[in-house]
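Report on the following structure.
The values are calculated or read from the model by the stated rules, or taken from the named source; none is laboratory data. As the structure is a prediction and not an experimental result, all values here were calculated from the model. When we count neighbours, we look across all protein chains shown, and the Cβ atoms used for this are built from the backbone with ideal geometry, even at glycine. These area figures cover heavy atoms from the full protein model, side chains too; ligands, DNA and RNA do not enter into them. Shrake-Rupley method; radii C 1.70, N 1.55, O 1.52, S 1.80 Å.
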Amino acid sequence: ERGGAKVVLVGDHRQLPEIEAGGAFGSLVRRLGAIELTQNRRQREPWEREALDDLRDGDVAEALAALSAEGRVVVAESGEDVRQNLVADWWAATSAGEQAVMVAARYRDVADLNARARQRRMDAGQLGGPEVVADERAFAAGEQVVCLRNDRRLGVVNGTLATVVEVRSDDCSLVVETNDGARRELPAWYLEGGHLDHAYALTIHKAQGMTVDRSFVLGSDRLYREAGYVGLSRGRHSNHLYVAGPDEDEAGHQPADEPELDVERVAAWLGRSAAKRLATDEGRLEELQRQRERLGELWRERDELGRQIALAAREATERPEAIQRTVGTEQVPGQRASVGHRQRTKGGWRRASSVVSRVWGGPIGDGVAAELASDRSGEVLEAQRQRIRRASELKEAIRRQAAVVAGGEQADPPDHLLRLIGPVPQLRESKHAQAWREAAAAVASYRARWGVHGVRDAIGPAPATPAQSAQLARVRSKAALVASPELSGQEQEPWDGMTLGR
């Protein structure tokens, strides 16, 4: 600030996480908002872009369903068959003149795929002449290679991709041409140090940032969400995931039946996130999860009470003759006149029940009507009163708890909130900010009550009950208020000529 400097951070916190400590970039994005590239220009197929968005956002089931429907998940009977199929498909693509890469999470898998691919090229006569052998790897002219160590003197960095154009047997060095057209000489000491490898298959970390025509990803239990997203988004035309059948044992044996995709197993791999968090965020996020669970508990208790009250109401409506004996001159809360004089006929009962329902609303109104209509005194009537009283208390407790959850989410908004109601307003005390918090509380309450856990979608599947539809309507109403021009216009404060936001 004293120097008048500005820091611009560029990246994607949904791709491969930091190697050691990390999480600052993602935390800043969630707290402050970000200017984003929102259009995918790599994948050609619209359905594939959407599937990758689902995978990136954690909706793994949706992503796998789309990939499987398009034949992009290839299942073989054993690990050996998986590798053979993967290399065969890679070979067919490269033989057709397409740019293709094989990707795996483990180094030993990359080495195995590279050896198989190199043998294919040797058999096809694409590699020949003298070879240089270093660190148990052989390199010939025409070889595709990747540098594994930065060396500014040689003009290469970790991840530089190149093609061997000359093998110098006299000093065991190589001349390579990098993918950007530059020629570099790699001396024997660089090769012998294990700093050069074949590049037919790459680790996911090495493939990050690469664009090819087709990508072939070897699935394993080392995959996780961010790695799967990176590996399955390298190809313009197609990206395939190869997995062994669900019944393969450690020895690689598999029944002769046609293998089927074990969606749950693959979803478990890709469902794990390795994203780093700031140490200062961990305790807060754990507490926020506890608050969400508490909100769900309150809703479950309230819905169970509503069920019990409604059941008592239905029983009472079957015995209207009991009204005269029980109601007497008891008043409905909020009404001036006694309802006792209205209980002399069934019609009077129905009118009284209607009044009570309007005063209390929904199942609570039914419960009060049931209380008034009960033909037994004492403990039954008192139990009903206690249920009604507790339901009223829970309504307020849920409101307060939802506000607590919304306050916790305001510091680090989850994606489902950002997608539905936008970023947290910068003017924290404005009417816009208040509307944002109220909408966030409504969303938190809805998700806790109806068991919505989606990372990307705030409201989940279509409502299954009238009560759920009614609550969803309130959520949408509050979300619409946040986006209204009257409120959102307060936040249009320029920052270097641009408006911050997602």
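Between the alpha-carbon centres of the stretch 405-444 and the stretch 168-203 there is a gap of 53 Å. Measuring with a 1.4 angstrom probe and ignoring ligands and nucleic acids, residue 161 comes out at about 40 Å² accessible.
Using the Cβ-Cβ distance between residue 53 and residue 274 with R0 set to 30 Å, the FRET efficiency from 1/(1 + (r/R0)^6) comes to roughly 0.95. Report, ordered by chain and residue number, the lysines lying within cross-link reach of residue 478, taken as a straight Cα distance under 21 Å and ignoring same-chain residues fewer than 8 apart. Correct list for residue 478: 395, 431.
Whole-Hz Karplus values for the stretch 269-280 come out as 4, 6, x, 7, 9, 9, 4, 7, 10, 4, 4, 5 Hz, taken residue by residue from phi with 6.51 cos²θ - 1.76 cosθ + 1.60 and θ = phi - 60°; glycine and proline positions read x. Computed over the stretch 124-214, the range of Cα coordinates on each principal axis works out to 36, 35, 25 Å, biggest value leading. When each of the peptides 212-219, 91-98 is scored by how many other beta carbons lie within 10 Å of its residues on average, the order from highest to lowest is 212-219, 91-98. Heavy-atom accessible area for residue 19, with the other protein chains in place and a 1.4 Å probe, reaches approximately 130 Å².
The residues 475, 165, sorted by heavy-atom accessible surface at 1.4 Å with ligands and nucleic acids left out, run 165, 475 from largest to smallest. Each peptide in 107-118, 149-160 gets a packing score, the mean of other Cβ atoms within 10 Å over its residues, and the list from highest to lowest is 107-118, 149-160. Checking every one of the trypsin sites (Lys or Arg not before Pro) in the stretch 40-75 against DSSP loop status and a limit of 15 other Cβ atoms within 10 Å picks out 41, 42, 44.
Scanning residues 5 or more positions from residue 156 or on other chains, those with amide H under 5 Å from its amide H are 151, with H placed 1.01 Å from N in the peptide plane.
The heavy atoms of residue 432 offer some 20 square angstrom of accessible surface to a 1.4 angstrom probe.
Rounded, prolate or oblate for the stretch 1-69? Axes are the square roots of the Cα gyration tensor eigenvalues, ordered a ≥ b ≥ c, and the cut-off for rounded is a/c under 1.5. Prolate, because a/c is 1.5 or more and a/b exceeds b/c.
Of all DSSP beta bridges confined to the stretch 95-238, the antiparallel ones make up roughly 70%.
As a size descriptor, the averaged projected area of the C-alpha convex hull of the stretch 23-141 was calculated at 11.6 nm². Ligands, DNA and RNA left out, the 1.4 Å accessible surface of the stretch 9-109 is 48% carbon and sulfur atoms. Calculated translational diffusion coefficient of the stretch 434-488 (37 °C, 0.692 mPa s; Stokes-Einstein with Kirkwood radius over alpha-carbon pairs) equals 283 µm²/s.
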